[in-house]
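Q: One structure is given below, represented as structure tokens, and several questions about it will come after.
The values are calculated or read from the model by the stated rules, or taken from the named source; none is laboratory data. Quantities reported herein were computed from a predicted structural model and do not represent experimental measurements. Cβ: placed from backbone, ideal geometry, glycine included. Neighbour counts: every protein chain shown. For the accessible areas, the whole protein counts, side chains as well, though only heavy atoms, and no ligand, DNA or RNA atoms are used. Shrake-Rupley method; radii C 1.70, N 1.55, O 1.52, S 1.80 Å.
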Amino acid sequence: MDSFLHRNLSQTEVAQVDEDLARFCYAEGLPFRALASPWLRKAIGRLNPSWLELTRLTEWTYSMLDDQHEHVSRDMMNQISSAFAITLLSDGWSGVQKKHVLNILLAAPEPYFIDNIFTNADIFEPIIKEHGVRAFVSDNASVMRKTWRILRERIPSLWTYGCAPHGFNLHTKDIINLDEFRTTNADCQKIAVYFSNNKQAGGLATLQTIQDRLGVKGSIDKGCKTRWGSQIDCAKDLVKHKQALVLTVTDQSFSTSKDNAKEVSALCRGDEFWARVGIFLRVLEPLRFFLKVLQSDTATVADVYAQCVAVHAAQSALPQHLFTVANTKEDLMRLLQERMNFIIHPLHFVAYSFHPRYAKGTSLDNHIVTHYVFTLAADALGEHDRSSLRQELEFFFGPFQTAPVFGSAFDGENSLLDDPVNWVTAHLTKKCPILSKLLCIIFSLAPSTAGAERNWSIQDFIVSKRRNRLTDARGTELVAIYWNLRALETAFKAAEIGRKRKFEGIHGDDNGRLDGDDDALLIGESDEGVIDWQYSEQYSRFVKPCPHPLLAGINVGDTMGPLVLER
């Protein structure tokens, strides 16, 4: 420190200080002009006056950004190139500049921001081929599902599937729109909106005063129309603040002359409303929990199938007498089957079948699992020894799962159970090299577009109303530095604890991939899509649907084409 304070800095040292300051701005989302602040310059000048004489920070505004972007991109590509498998994530958005844009992220497994796309160009195929992308995940909108089909025609080995939380979100909407629950949800919204719009005495102000007196903290979430899980939060908040709501509508300051005031008062004081809310939450609250599980940073594709099984179990356990509208339970099970057709890809089932948390003790049909493993291996591994893979599967389903010597692999205290890639490399690599390679690829895939969704929050922070004059190129570079520095930090920390491992030649080459034509992919605003199972024969590799192994009536294989078992 003394050597820094009491001597003149060299031009090289000053340049290094400038670079660190620039990275500080980019990493924290600060405008570069913050470095021109006289107070900052004065503070650094006190530490070493020679910096003031030699710094060229203000002259390097543009070149510094390009240099930092190139440096971060180089580190990012090193991480991507060493990944077991890469998932392409994409989501649409309209920012402060009112432009429709698609973001492109590559998950390896940490999601790295690659670029923003402002056109309807044929953009996905070149990125997929350049980076050896194994899977493409987007929302379940009909336009994106059509994009999957076009991509699979051009790249038959590509796996395409929808964002699992988005699928569960749409399933929540399906349930809320049933006659049994539609009125209850509308009544909950009516109460939440009333207090949101009336903040004075007799409204929100009185409610907050009573909440403070009761020692109850928190507000009432009125939900979002496009985030149907938030409707469940609204009902939960009403139950949490039930006593405060009843006291508020019976308070002398509460005026029944306002819009909906009489209805709100009658609902809050009526036992029938609260009974309906209880049934509403009993049916839907498990879905909200499953949504949060799948949106977490640690979720895997195995968790998608596991949560489907859990939803099926929860809804099957509901008693028929719980509902007032006839056939409600039958409707619930029918909607679940339709949505599972919409969500489940064979890789979800295979991941579930081999995940250490779920594999032990499951009563799965090993013939079905084997069929899907061979199907996925043909895509992911290219040429491989099928007989050796079959022997490895027989070992896994036989001695490995049953022999006492391997019991510790599935022990609940095993610290590797939550990290399936490390679990595979620790317990399966020597005995099952082909199967291990495939499982490491599958377990490295992203189950959702949560990373792409979170990226929009960062974009909104960087390209804000105060900085709306940023060009598309500069805004994209600033977002890339800000986002990827954090993703790299996460990856480096993971490497320190030994989570990252690599198989040589895991990506293989582009065997079996077809060159596409020049037709542009269809890009548009996200919608909720239509369940559409009409696939052309050229990529329906099997002829008829295969019954879902756990959920009766569900057909696995939408996103790969219909499947059939060959016995």
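Q: Which lysines have a Cα lying under 16 Å from the Cα of K190, excluding residues fewer than 8 positions away in the same chain?
A: Excluding near neighbours in sequence, the set is K199, K222, K225, K236, K242, K258, K262.
Q: Shifting gears a bit: Roughly how many Å is it from the Cα centre of the stretch 427-489 to that of the stretch 173-205, as a whole number?
A: If we compute the Cα centre of each part, the gap is 36 Å.
Q: Roughly what would the spin-label model give for N327 and K99, points 7 Å off Cα along C-beta, in nm?
A: Label-label distance for N327 and K99, simple model: 5.1 nm.
Q: In the stretch 246-295, with Lys and Arg counted as +1 and Asp and Glu as -1 at Cβ, which of these residues, F290, L267, V249, has the Cα nearest the positive end of the dipole, that is, farthest along it?
A: Positive-most Cα among the choices belongs to F290.
Q: Same structure, new question: How much FRET efficiency would the formula 1/(1 + (r/R0)^6) give for L318 and K360, where r is the Cβ-Cβ distance and R0 is 30 Å, rounded to 0.05?
A: Efficiency, from the Cβ-Cβ distance: 0.60.
Q: Right, something else. Protein chains only, probe 1.4 Å: how do D379, D18 rank by accessible area, largest first?
A: Working: D379 20, D18 0 Å².
So the residues, ranked largest to smallest area, are D379, D18.
Q: Report the equivalent ellipsoid semi-axes for the stretch 436-499 in whole Å, largest first, defined as the square roots of five times the eigenvalues of the gyration tensor built from alpha carbon atoms.
A: Gyration-tensor ellipsoid for the stretch 436-499: 31, 14, 9 Å.
Q: If you don't mind, another one. Find out how many positive minus negative residues lie around A314, taking Lys and Arg as positive, Asp and Glu as negative, among other residues whose Cβ is under 10 Å from that of A314.
A: Working: positive: R282; negative: E285.
Residues near A314 contribute 0 overall.
Q: How charged is the neighbourhood of Y26? Take every other residue with its Cβ under 12 Å from the Cβ of Y26, and add Lys/Arg as +1 and Asp/Glu as -1.
A: My count for the surroundings of Y26 gives -3.
Q: Can you give me the accessible area per residue for the stretch 105-154, using a 1.4 Å probe, in Å²? Walk me through the intermediate numbers first.
A: Details: 1390 Å² over 50 residues.
Spelled out: the 1.4 Å probe surface of the stretch 105-154, per residue, equals 28 Å².
Q: Of all accessible surface on the stretch 152-215 at a 1.4 Å probe, what whole percent is carbon and sulfur?
A: After summing per-atom areas, the C and S share lands at 48 percent.
Q: Shifting gears a bit: What ³J(HN,Hα) values, in whole Hz, does the Karplus curve 6.51 cos²θ - 1.76 cosθ + 1.60 give for the stretch 242-249 when θ = phi - 60°, with x put for Gly and Pro?
A: 4, 4, 5, 5, 4, 5, 5, 6
Q: Work out, step by step, the length gained on full extension between K262 and R33: first 0.36 nm times the residue separation, then minus their alpha carbon distance; give nm to one decimal.
A: Result: 76.9 nm gained on full extension.
Q: Using a 1.4 angstrom probe on the protein heavy atoms only, line up R41, R454 by accessible area, largest first. It would help to have the intermediate numbers written out before the result.
A: On the way: R41 60, R454 95 Å².
The ordering from most to least exposed comes out as R454, R41.
Q: List the residues, sorted by chain then number, that are 5 or more residues from W93 or on another chain and whose placed amide H is less than 5 Å from its amide H.
A: Hits under the 5 Å cutoff: V101.
Q: Tell me, what is the per residue accessible area of the stretch 254-338 in Å², probe radius 1.4 Å?
A: 47
Q: Straight distance only, please: which lysines reach the Cα of K360 with their own Cα at less than 27 Å, same-chain residues fewer than 8 apart left out?
A: Within reach: K292, K430, K431, K437, K500, K502.
Q: Hey, can you grab everything whose amide H is under 5 Å from the amide H of I155? Only 5+ residues off in sequence or another chain; H modelled, so Pro and N-termini drop out.
A: L514
Q: Continuing with this model, one more query. Obtain the nm distance between the two label points defined at A275 and K242 by a simple spin-label model: each point lies 7 Å from its Cα along the Cα-to-C-beta direction.
A: Spacing of the two 7 Å Cα→Cβ label points: 1.3 nm.
Q: About the Cα centre of the stretch 187-343, what is the dipole size in debye to 20, counting +1 per Lys and Arg Cβ and -1 per Asp and Glu Cβ, all else neutral?
A: Here the stretch 187-343 has a charge dipole of around 240 debye.
Q: Taking the Cβ-Cβ separation of Q208 and S82 as r and a Förster radius of 56 Å, what is the calculated FRET efficiency to the nearest 0.05?
A: For Q208 and S82, the calculated efficiency is 0.60.
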